[in-house]
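**Q** Take this structure, written in structure tokens, and hold onto it; I'll ask about it next.
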Amino acid sequence: MRKALVVEDDGDIVELVSLYLAKDGWDVESVADGKRALERVRRGAYQLIILDIQLPGMDGLAVCGELRRDKATASIPLVMLTARGDESDRVVGLEMGADDYVVKPFSPKELLARVRALFRRLERRDETDDVSTIGLVEVDRARHLVRCAGKRVHLTAKEFALLTALIDARGRVLSRAALLQDVWGYSYAEGTRTVDVHVRRLREKMPAFAGSIVTVKSLGYRIPRDAE
């Protein structure tokens with residue numbers, strides 16, 4: 001059974017989120033503060049983290065940053081919960097390495113839909129080869145490994161899904177809306193900024209390949225078939 005950790009100090013939210021995840025087949029554990037969350041994740045084997053931003057002591061953004069800097073936890077799928085409605089706060093969460101975010105108050109059904117969408121692409125069986133090579137980048141889909149110029153690159157679940165979506169497009173331009181639907185599994189107006197943040201993170205993590213992730217003005221992104 002897959003294990004999820006809910007990091008939230010509001011007991012009612014913990015109970016609600018845990019209930020819906022458990023019904024969906026998850027073994028759910030919870031902690032109420034950031035430092036304990038880090039300790040728990042480093043000790044346990046979790047396949048999902050639901051992380052509130054506003055936590056006592058160490059906030060969720062700091063926790064997310066620590067997890068993403070550690071190779072052992074860098075790729076664990078992570079969804080942030082935030083009461084902050086300002087777009088800049090959500091972008092900061094994405095830049096720290098969150099795969100997705102849900103703004104409070106939220107429907108537990110919406111959160112579950114986001115989690116399912118997060119794993120849908122990870123678990124999808126592609127018809128293409130397990131290992132794809134384009135320019136300096138090699139992607140091993142079966143083992144969720146990426147190398148750029150021969151060096152291992154640690155990507156989050158959504159970064160990995162975004163990269164493979166662009167590779168699978170075989171040079172075609174993918175609009176932000178299409179990427180949002182394909183990689184995140186939903187669409188809404190603000191979500192296009194989510195795509196831009198993740199593209200920027202891919203470029204930062206693979207500087208030798210950054211120029212091959214091409215921005216097509218007013219349309220979206222593409223990786224040329226002859227990328228270097």
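**Q** Quick check: residue separation of Met1 and Gln181 times 0.36 nm, minus the Cα distance between them. What number comes out in nm?
**A** Separation in residues times 0.36 nm, less the Cα-Cα distance, equals 62.0 nm.
**Q** Pulled fully out, how much extra length does the chain show between Glu138 and Arg40, if you take 0.36 nm times their separation in residues and subtract their Cα-Cα distance?
**A** Gain on stretching Glu138 to Arg40: 32.0 nm.
**Q** Right, another one. PRE reach from Gln47 (point 7 Å along Cα→Cβ): which of the range 1-38 fall under 16 Å by backbone N?
**A** Hits in the range 1-38 for Gln47 at 16 Å: 1-6, 21-29.
**Q** Which of the residue pairs Lys71/Lys217; Lys71/Lys109; Lys151/Lys217; Lys3/Lys158; Lys23/Lys71; Lys35/Lys151 have a Cα-Cα distance greater than 26 Å in the structure shown?
**A** Lys71/Lys217; Lys71/Lys109; Lys151/Lys217; Lys23/Lys71; Lys35/Lys151
**Q** Oh, and also: Cα-based Rg (one decimal) and Dmax (whole number) for the range 3-123, in Å?
**A** 12.9, 35
**Q** Further, regarding this structure: PRE reach from Glu110 (point 7 Å along Cα→Cβ): which of the range 42-58 fall under 18 Å by backbone N?
**A** Counting only backbone N, you get 50-54.
**Q** So for Ile167, Ile50, fewest C-beta neighbours within 10 Å to most, what's the order?
**A** Ile167, Ile50
**Q** From the residues Val216, Ala83, Met58, which one has its Cα farthest along the dipole of the chain in the positive direction, the dipole being from +1 and -1 charges on Cβ of Lys/Arg and Asp/Glu about the Cα centre?
**A** Checked the options; the winner is Val216.
**Q** Right, something else. Skipping prolines and chain starts, which residues have an amide H placed within reach, meaning under 5 Å, of the one on Leu81, given they are 5 or more residues away or on another chain?
**A** Leu51, Asp52, Ile53, Val102
**Q** Next question, about the same structure. Taking the Cβ of each residue in Met96, Met1, Met58, Met80 as the centre, tally the other Cβ atoms inside 10 Å and list the residues starting with the fewest.
**A** By the 10 Å Cβ count, ascending: Met1, Met58, Met96, Met80.
**Q** A further question follows. Using 0.36 nm times the number of residues separating Val103 and Ala208, minus their current alpha carbon distance, what extension gain do you get?
**A** That pair, Val103 and Ala208, stretches by 34.3 nm at full extension.
**Q** Same structure again: One-quarter of the Cα convex hull surface for the chain, in nm²?
**A** 11.9
**Q** Dipole magnitude of the chain about its Cα centre, charges +1 at Lys/Arg Cβ and -1 at Asp/Glu Cβ only, in debye to the nearest 20?
**A** Dipole size: approximately 720 debye.
**Q** Could you give the size of the charge dipole of the range 131-222 about its Cα centre, using +1 on the Cβ of each K and R and -1 on the Cβ of each D and E, expressed in debye and rounded to the nearest 20?
**A** Dipole magnitude for the range 131-222 comes out near 200 debye.
**Q** Now for a different question. P(r) tail for the range 158-228, what percent of Cα pairs lie past 22 Å?
**A** 11
Only the coordinates and a few stated rules stand behind these numbers; no lab work does. Source: prediction; values computed, not measured. Glycine gets a Cβ as well: all are built from the backbone with ideal geometry, and neighbour counts include every protein chain shown.
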